[in-house]
Structures are given as structure tokens and as C-alpha cells.
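Before any comments, here is the structure.
The values are calculated or read from the model by the stated rules, or taken from the named source; none is laboratory data. Remember, it's a predicted structure, so these values are computed and weren't measured experimentally. Cβ: placed from backbone, ideal geometry, glycine included. Neighbour counts: every protein chain shown.
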Amino acid sequence: MYNYQAISKVNKELVISLFVLNLFIFSSTFEVLIGIPQIIKYSFSVTVIYFFYFFFRKSALQNIENTVVKLIKFVFLVVSFYLLLGSYRKEIFYIQEIFAERFYFMPYLLPLIFLFIKYDLSIFKYLIQYSYLLLPFSIFIEVVIVIFTLDSYYYVQDVIAILTLSIAPNLVLFTSHLSSNKKLTTLSIIYFLLFAFILAKLGRRGETFENVFMLIWFMVIRLGSKSINQVEKVKFLFLSVILLITLSFFVYQNRKSIYLFERGVSASGFDESRGETIDNFLYEYGREPNDYLIGRGLNGTFQKFSAGDNMYSRSIEIGYLNILWKGGLVYLVPMMLLFIISFAKGFFSSKNDFVKGLSGIILWQIIYMGSFGMANFATNYVLIWISVAICLDPKIRMLTNQEIIQFGRLRF
């Protein structure tokens, strides 16, 4: 029997646990800098896993009628279990790594929790509600960074500080036109413009383009929305062009002080920052007989640099290569098929802007894995798998904007 109150409570706890996940990353990043005890980091991690497990246990399994998608999901499930079980090491440090290392075990467990379940519409309600509540605080942090700490030396701390107060600002941006509260649009645009400016000043190519992409996808959804009349669309397009010209002029005038342009966005610029790592990876990958098929597993290492304390690593900072290294083609192929199919269904076969917004999150992951886009134990990666599952759900895709607002009891 459907119990809205109980399901709504579980979804609310899930969204709150995403904020706790942000706190885990914050404590991991700042533990040495400001002396945060390690027990805090582990407490956050264990709490998040508990709520994720509780969410999974209380949720119904998704029933996808498409046989092809079922088969892809099954293969992905089997390979994921193989990777997770194959990572076992009989040592206490293994347990510590499971709960403390963002790029090790948990990213490969997350799809098993969030891909196979059926989502209630109240998930939209709490994602948007809590993301909106955090937006003023994250914008305040952005302003403080611009004024006081806008330096590449503080890159990691600055970005983590902003992301700690962010849950799903992209979903707020994508669906803000459906709300009577115009602050949603204004705040979310300011958030992404400031974040893009900060990252460009710091010379972070991929992250800068991520925020620009979110603004572009926002325009795509607005111009294609059935909830906006043609007159409003023309006004929106006109204002967008004016804003784009203004920002382009500002960027051009200040290009010499923006580190992104100094580093370059060409292939040579990318090779300068990742060239040695890629060369070493390509030299090592394929030397073992099963590298292309099943990879080296979660514990496999390669010589990442020619010298230094971090010569050997289990990861490479390019999503596609990292997945190939760990799980081979048997993990990468079904994963990409799920991404591509869910994006196509979410964008081209959906009647509502909520699902189309989620399809944009998936599309960016497909693009971003070419430069970074690593699987990691973070809120944005959880949202990717939630987006995949929802985009594959024909019942949610067939709902209109007003039906989602009504049935999901959205008040935003």
C-alpha cells in the first residue's frame, strides 16, 4: 500500500544525507589544515552509508519493461559485484579505505544502491527545497572567495567550501521557471556565473566548462519547455543574448588576468597538465592479458609519475581511462550504454522539464569523463545515478510538469 508520508520521510532523509556526504568531503579536505579529528570524517561516512542503505531497503525495486535495459543492468550488476568483492584485502587499512577514500570502493557501490530502485516524486521536492535553502550561503562563500582567497594555491579549499553548501543547484536552475518564486532563477544563475568565474580565474578548464554547460542546458530547457509561451521564450532568448554579449566583453577585457586563458584550452594545454600521466597509463595498460576485458580491479596500480612521493597510483584523473583500468570494457560498456540510453529517453521521450534537467546531468558526465569525470564518493555522483534511474522510468517520463508539481506536492 502506498504511504506518502513514509516514502516522503525516506526521501527527505536521503537528501539530508547528501549534505552529510558534503560534510564528509569537507572534513577529509580540511582535517590537516584546521585540525579536524579523523573520527569526524569516519562518522560522517558511516552515517551516509547507513542512510543510503536505509533508503535502499525502504524503496521498491524498479521494474523496467525494456528487455535490453534489463540485460544491460544485469551485466553491470554482476561486474560491479565482481569488482567490489575482488577488492578484498585482509588488513585493517582496507576497512579504513572503504570509508575514507573517495575514489576507491564507494563509487562502485553507489550504482548498486541508486540504479535499481523506483523513485517517488517527492525526491524532486526535497532536492529542490534544500538546494534552494543552501544557495544564499554558497553564493556568500563565492563572494568571500572572490574578495579574499581567489588564488590557485587555495583551489581545492575554495571549491570544496562552495560544494559543501551545494546539493543540486543545477536541478534548481533547470526547473526554476516552474516556480512562482523568481528568486530561484536569480540565485541559481548568480551561483553558476560566480562559480564559473572563480574556476576560470583559477585556470580549471573542466570545472569551468561544467558550470557554463549547466547554464547552456538551462537555456535549452527554457526554450523547449511546454510550460512557457512563445512570447516569454522570445524575451528570454533576447535577454540571454544580451547577457552573453556582456559577459563575453567582460571576459575579453580581463582575459590577461584569467588563468584559464594562460593555461590554454587546446590539446597542447591539456597535454601539459595530463601528458605524463596519460603516457604512463597507456604504456602500462594492455600489458596484462585481461586488461581490456576486466581491467586490474580496484587495487591495481600503475606508475603515474616518473618521480615523487605519488609515483604509483590506483587511479588516473580521466573518467574513461579510470574505468577501463579498474573494470575493463565489461564495466565501461554497460555503464556508458546506461548513460546514453537514459539520456536519450530522459531528453527526447520525456513530457516534463524535471526529467529533461536530469538528462542534462547525465549528458555532462558523458562529456566530462573525457577530461576528468571520475567515479567518486560525492553528491554529484549520487545524483548521476539517481538521474539515470529516473530517466529510465517511463511512468515519471510521461508525467507533465504540473502533474509532478501536484503529485510530488512541490511548493517552490
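Quick notes on this one:
- Among the candidates 184, 165, 112, 135, the residue that is touching a helix residue (DSSP H, G or I) at 6+ places or on another chain (Cβ under 9 Å), under 30 Å from residue 399 (Cα atoms) and in contact (Cβ under 8 Å) with a residue 60 or more places away in the chain is uniquely 184.
- Every residue from the range 43-65 that is farther than 30 Å from residue 396 by Cβ, in contact (Cβ under 8 Å) with a residue 24 or more places away in the chain and surrounded by 16 or more Cβ atoms within 10 Å (Cβ to Cβ): 44, 45
- Contact map, the range 381-395: first residue within 18 Å of residue 319 (Cα to Cα) and touching a residue at least 24 places away in the same chain (Cβ under 8 Å), second residue among the hydroxyl-bearing types (Ser, Thr, Tyr) and surrounded by fewer than 23 Cβ atoms within 10 Å (Cβ to Cβ), Cβ cut-off under 7 Å, separation 6 or more or different chains; the map is empty.
- Selected residue (criterion: farthest from the chain's Cα centre (by Cα)) from residues of the range 281-329 that are part of a helix (DSSP H, G or I) and more than 24 Å from residue 89 (Cβ to Cβ): 283
- Unique match (being among the charged types (D, E, K, R), in contact with a Leu (Cβ under 9 Å, 6 or more places away or on another chain), under 27 Å from residue 171 (Cα atoms) and modelled with pLDDT under 95) among 58, 118: 118
- When residue 332 is tested against (1) farther than 17 Å from residue 368 by Cα; (2) assigned to a helix (DSSP H, G or I), only condition (1) is not met.
- Checking residue 153 against (1) touching a residue at least 12 places away in the same chain (Cβ under 8 Å); (2) part of a helix (DSSP H, G or I), the condition it does not meet: (1)
- Each residue in the range 24-42 was checked for being more than 20 Å from residue 162 (Cα to Cα), surrounded by 12 or more Cβ atoms within 10 Å (Cβ to Cβ) and modelled with pLDDT under 95, and 1 of them qualify.
- Answer from 96, 129 - the residue that is of a type in the set (S, T, N, Q), part of a helix (DSSP H, G or I) and touching a residue at least 60 places away in the same chain (Cβ under 8 Å): 129
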